[in-house]
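Have a look at the structure below, then the notes.
The values are calculated or read from the model by the stated rules, or taken from the named source; none is laboratory data. Keep in mind the model is a prediction, meaning the values are calculated, not measured. Quick reminder, even Gly has a Cβ in these numbers, built from the backbone with ideal geometry, and neighbours come from all protein chains shown. With ligands, DNA and RNA removed, areas are computed over all heavy atoms of the protein, side chains included. Shrake-Rupley method; radii C 1.70, N 1.55, O 1.52, S 1.80 Å.
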Amino acid sequence: DGGVVREKKKKFPGIICGEKMAAEGTLSFSVASVVKDVLEHGNRSKDSDLESRKAELTASRRYEAARWLRKMVGVVAAKDLPAEPSEEEFRLGLRSGIILCNVLNKVQPGAVPKVVESPCDAALIPDGAALSVFQYFENVRNFLIAGQELRLPTFEASDLEQRGKSTRVVNCVLALKSYNEWKLAGGNGVWKFGGNTKPATTSLGKPFVRKNSEPFMNSFQKTSSMNENLSNGHPPDIDPNTMGGAGSLSMLVHTILIDKKPEEVPLLVESLLGKVVEEFEQRLASQYEVMKTTSTDITASNFNKPLSEPISGDKKMEEKNIKMMKKDDCFLKSITNDELKDQSLKLQMILNKQQRDIQVLKHTIDATTADMQHMQTKFHEEFNNLGMNIHGLAHAASGYHRVLEENRKLYNQVQDLKGSIRVYCRVRPFLSERSSYVSTVEHIEDGNITIGTPSKYGKGCKSFTFNKVFGQSVTQAEVFSDMQPLIRSVLDGYNVCIFAYGQTGSGKTYTMVGPKDLTEENQGVNYRALGDLFVLAERRKDTFRYDVAVQMIEIYNEQVRDLLVIDGSNKRLEIRNSSQTGLNVPDASLMPVSSTSDVIDLMNLGQRNRAVGATALNDRSSRSHSCLTVHVQGKDLTSGTILRGCMHLVDLAGSERVNKSEVTGDRLKEAQHINKSLSALGDVIASLAQKNTHVPYRNSKLTQLLQDSLGGQAKTLMFVHISPELDALAETLSTLKFAERVATVELGAAQVNKDTADVKQLKEQVILFLVTSTYWSR
Ligand code: ADP
Ligand code: MG
């Protein structure tokens, strides 16, 4: 691990560059650097430690000296000197010089010719103390002289006194001991103390120090190689270059030792040596660790060089190593091209993998974004749909509200209509050529019309009352405006019947259809009613769906004919009131219509077919009843209820009386049929008025056809037409008399056709609204 190496480098500045270490696989530090480190730092930093070591060493040397002295003189003679004396005890024991002199004499007989022995009992001598001091000094001086001759380390007599340097005494004793041993061993060669090969020429202190520097070096070399051998299997290969600091090293040693006292030197050297050995071992151990780690790396990556290979799978380490490689040129230099290629290949692979991962992430983000956008779009759509639905609902609600409002109004109008037939009177204007003629109509005011009668017809004038009277100048639109509530009733499921009654030429067809040259302004009730149906159905389309279809038939000579045939066929049709389809004439063409133009086309067709049977002399339209029936089916979109309503728009045959003596043949036949049908209509009305259980609907085709529209459930409106001419006065009066009777007929309440079952029941009630003048004249 490169980190560990860097760590070591920091700790040990003397470490050799990694390149060297890597290349040679030897020590990563110089021996000299270790010594230098210890000398420079270790010595100073561990002063207190050294002191205690020093004291320990001093004591052990003192004990050694004492034991040897006791052994030499015997325990009795050495009674004043304990085997392990304190510094004080040592000094006191040797103060008399007796032991020293005697030992010296034993080692070197006759060295001290005269030894002043101590008195047996000092107490016996009155001034023994003074005597003793003198005697002792004598002994010590003699010892020192003799010792100098033997080249023993010397000391001063005062060293045996208080505060004296007893270590110097110890040194001297131990030197004597050494001398004695040398002598006992045979005394070969020259005796030397402490490895000193040359006898001191001057003082014993300084030369001693200097001479010891070389053996120090030797012993160091010996120790270091020993330790290297111990630390690992690699034989230490000490580079001479690393020893290049030997000169400065000896200088360093010299500086350290120069101010030391000679007796301190051995102790100091020993201490330093111990530290050097310790340091060395430590460094070796850490280097061994480094070697071990790097060799593991090498094995793992199959690379020969450590520190340059990324640890596979560990990106962090890889990055670390890359950084290291960049930092340290040493590494880069040592990496060969192949290794570089290999490494860049690996880096490339890692880069590729990361790029692939990024791509995958990008795709995921894109997909998520797309999903979000999709959801957003959907949300907007849903929101819009919801808005539209709410809008539709609001529209429907308002539509429903409108329908309710409309129905409320209609309810009032229904109340008005209840029980009565509405009768309107319309006066035809003079036809162009004869505009100057005097009108029989004298006065019109609200629902009243006054007819003036010449004297030959009786008294002055006659008044009639109707729901409404329209004068000569009233337009088609004004006439229709009062009919609109009836049209709404059809959409609500009521049956409606609108008749046009009057003598021929009084304007019945004009009111129901219009003049021959039809315009939007002058079109009659038929077109306007259907137009209104379409408008109302459109308005209600959110709540109701309406289907509108029309039939157009003709009753001529008691025969029912279809007026909407295209092929010109003229077959007779049956009236079936029990029809399941709700159609009284199921075989007649039923044409769906959805616009006013559809209706116009069909009406034109009907008019053409009606004219088929007409002869030059007889206008057939005056001799027959025509009936346009509008069938409306409405479905309530909310409840699903189906309402059916129908509207009969009937243009009756001319009501004028026929003088039987004046006509014969076909004309007579026609007149008889017309009289018969209008008489039947009168009978039905009479029965209804008298509340008879039997109502003779079946007596004519007309009453059969209108059966479900004449009664309590139906609403009936009759336009009574009169001509203003004087020569029509008789017919005018008879028509007005008839109409006034009809208007007073009371009927049951109108009811809605909710289903076909109801219809039958409602058909029991019939209104008789129309009678012919023939009927009334009887
Ligand atoms: P009917 O059908 O009762 O026999 P018509 O509707 O054919 O009578 O009318 C006869 C003539 O009088 C027609 O030429 C018609 O155009 C005209 N006429 C009828 N009523 C009016 C009116 N209100 N305004 C103008 N002309 C009318
Ligand atoms: Mg007509």
### Single unsatisfied condition, Thr475 versus (1) touching a residue at least 24 places away in the same chain (Cβ under 8 Å); (2) open to solvent by less than 40 Å² (accessible area, probe 1.4 Å)
(2)
### Message
Can you tell me which condition His401 does not meet? The list is (1) assigned by the TED database to the domain that holds Val490; (2) at pLDDT 75 or above; (3) out of contact with any Pro (no Cβ under 7 Å at 6 or more places or on another chain), and all the others hold.
### Response
(1)
#### Entry: Residue check for Val496: in the same structural domain as Glu670 (by the TED database), more than 12 Å from ligand 1 (Cβ to nearest atom) and either farther than 30 Å from Glu405 by Cβ or open to solvent by 30 Å² or more (accessible area, probe 1.4 Å) (or both)
no
### Query
Restricting the search to the range 77-93, which residues are in contact with a helix residue (DSSP H, G or I) (Cβ under 6 Å, 6 or more places away or on another chain) and open to solvent by less than 60 Å² (accessible area, probe 1.4 Å)?
Ala78, Leu81, Pro82, Ala83, Pro85, Phe90, Arg91
### Message
Residue under question is Glu670, and the condition is that it be crowded, with 16+ Cβ neighbours inside 10 Å and more than 23 Å from Leu530 (Cβ to Cβ); does it hold?
### Response
yes
### Task
State which residue pairs qualify: first residue basic (Lys, Arg) and inside the range 513-528, second residue away from ligand 1 (no atom under 12 Å from the Cβ) in any location, beta carbons under 6 Å apart, and separation of 6 or more residues or different chains.
Arg528/Phe480
### Query
For Asn196, are the conditions met, namely being at pLDDT below 50, crowded, with 16+ Cβ neighbours inside 10 Å and assigned to a loop (DSSP other than H, G, I, E, B)?
yes
### Task
Output yes when any residue across the range 134-154 is surrounded by 19 or more Cβ atoms within 10 Å (Cβ to Cβ) and at pLDDT below 85, and no when none is.
yes
### Message
Given the options Leu518, Leu583, Leu573, Leu563, name the one that is in contact with an Asp or Glu (Cβ under 7 Å, 6 or more places away or on another chain), surrounded by fewer than 22 Cβ atoms within 10 Å (Cβ to Cβ) and of a type outside the set (Lys, Arg).
### Response
Leu573
### Task
Evaluate the following for Lys508: is it assigned by the TED database to the domain that holds Leu717, of a type in the set (Lys, Arg), within 16 Å of ligand 1 (Cβ to nearest atom) and touching a residue at least 60 places away in the same chain (Cβ under 8 Å)?
yes
### Message
Pairs needed: first member in the range 54-77, on the phi < 0 side of the Ramachandran plot; second member anywhere, among the basic types (Lys, Arg); C-beta distance under 6 Å; at least 6 residues apart or different chains.
### Response
Trp68/Lys177; Met72/Lys106
### Task
Would you confirm whether any residue within the range 452-472 is β-branched (Val, Ile, Thr), under 30 Å from Val403 (Cβ atoms), in contact (Cβ under 8 Å) with a residue 12 or more places away in the chain and surrounded by 14 or more Cβ atoms within 10 Å (Cβ to Cβ)?
no
### Message
Please list, ordered by residue number, the strands (runs of 3 or more DSSP E) wholly in the range 434-515 having 1 or more residues that are at positive phi.
### Response
495-502
### Task
For Asp416, work out the one condition from (1) among the acidic types (Asp, Glu); (2) at pLDDT 80 or above; (3) within 28 Å of Val496 (Cβ to Cβ) it doesn't fulfil.
(2)
## Note on the structure
Considering residues that are open to solvent by 40 Å² or more (accessible area, probe 1.4 Å) and modelled with pLDDT of 70 or more, the number found within the range 592-618 is 10
### Summary
Of the listed residues (Asp758, Asp683, Asp708), the one being touching a Pro at 6+ places or on another chain (Cβ under 6 Å) and modelled with pLDDT under 85 is Asp683
### Message
Quick check on this structure: which one of Arg528, Arg561, Arg545, Arg576 is more than 16 Å from ligand 2 (Cβ to nearest atom), among the charged types (D, E, K, R) and assigned to a helix (DSSP H, G or I)?
### Response
Arg528
